[in-house]
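S.K.: Here it is, the structure, as structure tokens.
The values are calculated or read from the model by the stated rules, or taken from the named source; none is laboratory data. Since the model is a prediction, treat every value here as computed from it, not as a measurement. Reconstructed Cβ throughout: ideal geometry from the backbone, glycine too, with neighbour counts over all protein chains shown. Each accessible area value is taken on the protein alone, full model and side chains, heavy atoms only, with ligands, DNA and RNA left out. Shrake-Rupley method; radii C 1.70, N 1.55, O 1.52, S 1.80 Å.
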Amino acid sequence: VGDCSPDDPLHLVVTADTQEQLDAAVSRIRSMMGGEPVKAFRASAKCVLGMDSPPGFDLTSELKGPGNSFFDHITGESQCYLAVRGRGAPPPFNTELHEPLQVYIGGATEAAVQVAALLVENLLVAVRSKITSYLATLPPQMP
């Protein structure tokens, strides 16, 4: 702990008396983390879509773009991590059902997150427009 600097990544040190205990502990920790490494960021933001996804509209694909191209572009420009979260998000990011659908942004610096947030907000404007156009094509619903 004394040799850590603020720039070092977060580590978890696990010790045990036997190799079997160590393997069991590591396995348990990985299962609690969902098998994926935990990402920690110095700065983060949430950009909220502000509307629900209509039935039959693949919102996640519209946000991420063909072959994830929109998210890849934003990540390339900002070096930030992006995830669709909240109501309507795909697993495992739909656990925050009390929150509206949003794009989570995590990055190393506030400046990088601000760049990503601007790009995500521009993307959300386009997606809101697509949702509005899609809704106009649906037949009127009976009360």
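S.K.: Could you list, in sequence order, the residues of region 101-132 that are open to solvent by less than 60 Å² (accessible area, probe 1.4 Å) and free of Cβ contacts under 8 Å to residues at least 12 places away in the same chain?
M.R.: The answer is ALA126, and nothing else.
S.K.: Follow-up question, since we're still on this one. When only residues in region 7-56 that are among the small types (Gly, Ala, Ser), touching a Ser or Thr at 6+ places or on another chain (Cβ under 9 Å) and outside any helix (DSSP H, G or I) count, which is modelled with the highest pLDDT?
M.R.: The extreme case among them is ALA43.
S.K.: LEU59: open to solvent by less than 50 Å² (accessible area, probe 1.4 Å), touching a Ser or Thr at 6+ places or on another chain (Cβ under 9 Å), under 19 Å from VAL103 (Cα atoms) and modelled with pLDDT of 85 or more, yes or no?
M.R.: Yes.
S.K.: Being open to solvent by 70 Å² or more (accessible area, probe 1.4 Å), assigned to a helix (DSSP H, G or I) and touching a residue at least 12 places away in the same chain (Cβ under 8 Å): is that true of LEU135 here?
M.R.: Yes, satisfied.
S.K.: Also, quick follow-up: Based on what the data block shows, is GLY65 open to solvent by less than 50 Å² (accessible area, probe 1.4 Å) and not hydrophobic (A, V, I, L, M, F, W, C)?
M.R.: yes
S.K.: Still on this structure: Name the one entry in VAL103, VAL120, VAL84, VAL115 that is of a type in the set (Val, Ile, Thr), more than 19 Å from LEU49 (Cβ to Cβ) and at pLDDT 90 or above.
M.R.: Residue meeting the stated conditions: VAL115.
S.K.: When you go through (1) modelled with pLDDT of 95 or more; (2) surrounded by 13 or more Cβ atoms within 10 Å (Cβ to Cβ); (3) of a type in the set (S, T, N, Q) one by one for GLN79, which number turns out not to apply?
M.R.: (1)
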